[in-house]
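Worksheet: the structure to be examined is printed underneath.
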């Protein structure tokens, strides 16, 4: 499977599924009875805890991001079990934004999601402590503590968060979500914690416009790229130090 | 001899605790009938979710067998008493700390305990979680957000249970 975050090949679910089945089958053959096949299939390296040495982040290259393409949005919807039909009340974890510089007419296209700020205002305003930042920089909502007040939605300058208005059914097992809670991009935390090195959107981008990785690791692809090219943080004036950076804006 | 009637709110002679069955006979008969009716109704309700086993008087919850060849993280008596504490402890570790190595994972529970028929722990009356929880009259909130089906099961996008008419 995709070892490097900058892989250009789209996700191949059929192959992933086959590998999973093959691993489970082998486990069944070689391991004594009493061991669950499920454990064997998930025997990748599940996280023993968020690593404080790591800061997960993303680099979006807007020069590669194709106008009108929404592969990342579809991949996010599929990965997290979001309803792809956009309505006034639907949850949107990632949106495609088309921008235009009025004076020159130059246009650019970019996905905008939770920016995973180092100083997240959503965390500052949360009255219950449900909104929090993990040790590895991922900003999440603990739905067990969320009371749905939506202060975080008002505090977020990126409009990254959504509120779930209706009761939900058929959630993805790895992504529990339900009515009355606020939610946003999790940087595919369920994948990262299982040892996966990329997110659904980065994997789905056929243009290779999204690069995911550890900002703190100088040898990572994203850190190297950040050294090479000029990048900007959205609304850098707010000094929130977002973990998502944009090139070519 | 009936005790002397006293004004409303005043303490009757001999303290506040009056013996039952001394009220008017018509009222007590009506009350008794209502209790009996309620009992029959309750029996009907309980009997649906928790069927009495053959030769037993007391209805007990039906406990569906877990997937064959699997072992639980603790013995049944411990699990019955403390599963909620185990789950709550690990949920905080997992959500907040990113610890995915704990044994008391709800997902793992579901993977073993999902019904063979409904592939869920909550859909059918006798499914693993629902069976006991309806018997004990304890509401489970887990499945408002968490999937009640094993991971890897085919799923569609999480759609609202109630679709808004005319939404674009």
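Considering only residues that are more than 8 Å from chain B (Cβ to nearest Cβ) and surrounded by fewer than 20 Cβ atoms within 10 Å (Cβ to Cβ), which ones fall in segment A:72-84?
A:74
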- Residues in segment A:124-133 that are in contact with a helix residue (DSSP H, G or I) (Cβ under 8 Å, 6 or more places away or on another chain) and either touching a residue at least 12 places away in the same chain (Cβ under 8 Å) or part of a loop (DSSP other than H, G, I, E, B) (or both) total 6
- Given the conditions (1) more than 17 Å from residue B:114 (Cα to Cα); (2) out of contact with any helix residue (DSSP H, G or I) (no Cβ under 9 Å at 6 or more places or on another chain), which single one is not true for residue B:91? (2)
- Item | Conditions (1) surrounded by fewer than 22 Cβ atoms within 10 Å (Cβ to Cβ); (2) away from chain B (no Cβ under 12 Å); (3) in a loop (DSSP other than H, G, I, E, B); number of the one not met by residue A:112 | (3)
- Is it the case that segment A:55-67 has a residue that's surrounded by fewer than 18 Cβ atoms within 10 Å (Cβ to Cβ) and within 15 Å of residue A:200 (Cβ to Cβ)? no
- Note on the structure: residue B:117 vs (1) in a loop (DSSP other than H, G, I, E, B); (2) touching a helix residue (DSSP H, G or I) at 6+ places or on another chain (Cβ under 9 Å); (3) more than 9 Å from chain A (Cβ to nearest Cβ); (4) over 20 Å from residue A:179 (Cα atoms): all pass except (2)
- Mind listing whichever residues of segment A:151-190 are over 21 Å from residue B:146 (Cα atoms) and in contact with a strand residue (DSSP E or B) (Cβ under 7 Å, 6 or more places away or on another chain)? A:152, A:153, A:158, A:160
- Residues within segment A:181-196 that are surrounded by fewer than 17 Cβ atoms within 10 Å (Cβ to Cβ) and within 8 Å of chain B (Cβ to nearest Cβ), tallied: 1
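Quick grid of which residues meet (1) touching a strand residue (DSSP E or B) at 6+ places or on another chain (Cβ under 7 Å); (2) in a loop (DSSP other than H, G, I, E, B); (3) within 8 Å of chain A (Cβ to nearest Cβ):
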site: B:71; (1), (2), (3): no, yes, yes
site: B:81; (1), (2), (3): no, no, no
site: B:87; (1), (2), (3): no, no, no
site: B:101; (1), (2), (3): yes, yes, yes
site: B:104; (1), (2), (3): no, yes, no
site: B:111; (1), (2), (3): no, no, yes
- Check A:142, A:136 and return the single one that is facing chain B (nearest Cβ under 10 Å), under 30 Å from residue B:150 (Cβ atoms) and free of Cβ contacts under 8 Å to residues at least 60 places away in the same chain. A:142
- Item | Any hit, segment A:150-164, residues being more than 20 Å from residue A:78 (Cα to Cα), within 9 Å of chain B (Cβ to nearest Cβ) and not in a helix (DSSP H, G or I) | no
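Throughout, read-outs are computed from the coordinates displayed, never taken from laboratory work. Everything numeric here is computed off the predicted structure, so don't read it as measured data. For neighbour counting, all protein chains shown are included, and Cβ atoms are generated from backbone atoms with ideal geometry for every residue, glycine included.
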